[in-house]
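Here the structure comes first, spelled out in structure tokens, and everything after it is commentary.
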Amino acid sequence: MSKTSRIAGAVIGMVALAGSLAACGGDSLEKNKDGSASSGGSGGGEKGPLVVGAASFTESKVLAELYAQILGDAGYRTSVTTVANRELYEPSLEKGEIDVVPEYAATIAEFLNAKANGAKEAAKKPVASGDTAATVAALEKLAAPRGLKVLPAGAAVDQNAFAVTEEFAAEHKLKSLSDLGRSKVAVKIAAGDECEVRPFCAPGLKKTYGIDVTGIDPKGVGTPQSKQAVKDGKDQLVLTTTTDAVLDSYGLVFLEDDKKLQNADNVLPVVNAKDAGSQDVADALGKITKALTTEDLAELNRKVDAERAKPADVAKDYLRSKGLIRK
């Protein structure tokens, strides 16, 4: 599916929303509460076990490891379980099968909006916007009745982003999506096939920026195939995310979303209020939220995707470098 394949922008409707979180499967939830699927840090289990959920794309796995290891350092026995998409892990979070999940403010807000009010009504009345505070406030109202607690959002943000080759940008004097719209240059977008209907993809580019989109090349969101297609000139624009760490290796550059088409998808923890709603958990996770930047996230992704490092090792090195864990 897809804030995973991955579109990090908020989507309209349940199917569209979870479209950003798709990939392969993960560990079974059945074996997690005893910590047997542990890949995170461990602090001896004195405060009990916590299961951290991850969607099956690199960034979510890295964030889950960061959460698990810092909670482990705080004395919890932690495990990480990977679940294919939000439609699967969010109900598990409500049930307490999963205790903590790294999330994206706008995307999860619209997901819960669709779940509470139906996809059609949510599409008519979205709750997410480019305003982080307003988006998180709306999310809190939707999460609380489901037994979920939303912890503060940080500066790190993973949003949809569009890129072109350096040569294409230079030729048409492009620095922003507004520049592309004014250029009147026709573009084909390398993206997921859902880009054709999602308001934050082709329809939004046309409406907000006046960009002449001639078609979608369905090679996926930020995949090597999509970026290669733009590098080779088959397509002109690629949909990826702001934390894409290997963009420059394809000779591609971001175009600024200067009219803020994308919603506020700041990273934040969402927890099961009963099992993980304590101040101790909030304080531990808050250390990561405060430290993590968009650039940090991109670099962590790069180490996993380009250097083939393990998410658990990348997370541990980062936490140590920031002085956030003791070992």
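The values are calculated or read from the model by the stated rules, or taken from the named source; none is laboratory data. This is a predicted model, so every value here is computed, not measured. Note that each Cβ is placed from the backbone with ideal geometry, even for glycine, and that neighbours are counted across all protein chains shown. All accessible areas refer to the heavy atoms of the entire protein, side chains included, with ligands and DNA or RNA removed. Shrake-Rupley method; radii C 1.70, N 1.55, O 1.52, S 1.80 Å.
Values as computed for the structure displayed
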item: Those residues of the range 236-256 which are surrounded by fewer than 23 Cβ atoms within 10 Å (Cβ to Cβ) and in a loop (DSSP other than H, G, I, E, B), in sequence order; result: GLN236, THR242, ALA245, VAL246, GLY251
item: Qualifying residue in the range 267-274 (condition: among the basic types (Lys, Arg) and closer than 25 Å to PRO152 by Cα); result: yes
item: Number of the exception - GLY222 against (1) within 17 Å of ASN263 (Cα to Cα); (2) in a loop (DSSP other than H, G, I, E, B); result: (1)
item: All positions within the range 70-93 that are assigned to a helix (DSSP H, G or I), open to solvent by 10 Å² or more (accessible area, probe 1.4 Å) and touching a Lys or Arg at 6+ places or on another chain (Cβ under 8 Å); result: ASP73
item: Count of residues meeting criterion [open to solvent by less than 30 Å² (accessible area, probe 1.4 Å) and in a helix (DSSP H, G or I)] in the range 99-125; result: 11
item: Residue check, ARG302 assigned to a loop (DSSP other than H, G, I, E, B) and more than 30 Å from LEU142 (Cβ to Cβ); result: no
item: Residues of the range 117-150 classified as under 30 Å from PRO49 (Cβ atoms) and out of contact with any Gly (no Cβ under 7 Å at 6 or more places or on another chain), total; result: 12
item: Out of LYS227, LYS287, LYS274, LYS327, sole residue that is part of a helix (DSSP H, G or I), in contact with a helix residue (DSSP H, G or I) (Cβ under 8 Å, 6 or more places away or on another chain) and open to solvent by 60 Å² or more (accessible area, probe 1.4 Å); result: LYS287
item: Where a residue in the range 243-257 is over 15 Å from ASP305 (Cβ atoms) and its partner, wherever it lies, is in a loop (DSSP other than H, G, I, E, B) and aliphatic (A, V, I, L, M), with Cβ under 9 Å and at least six apart; result: VAL253/LEU174; LEU255/LEU174
item: Count of residues meeting criterion [surrounded by 19 or more Cβ atoms within 10 Å (Cβ to Cβ) and under 16 Å from the mean Cα position of the chain (by Cα)] in the range 303-324; result: 2
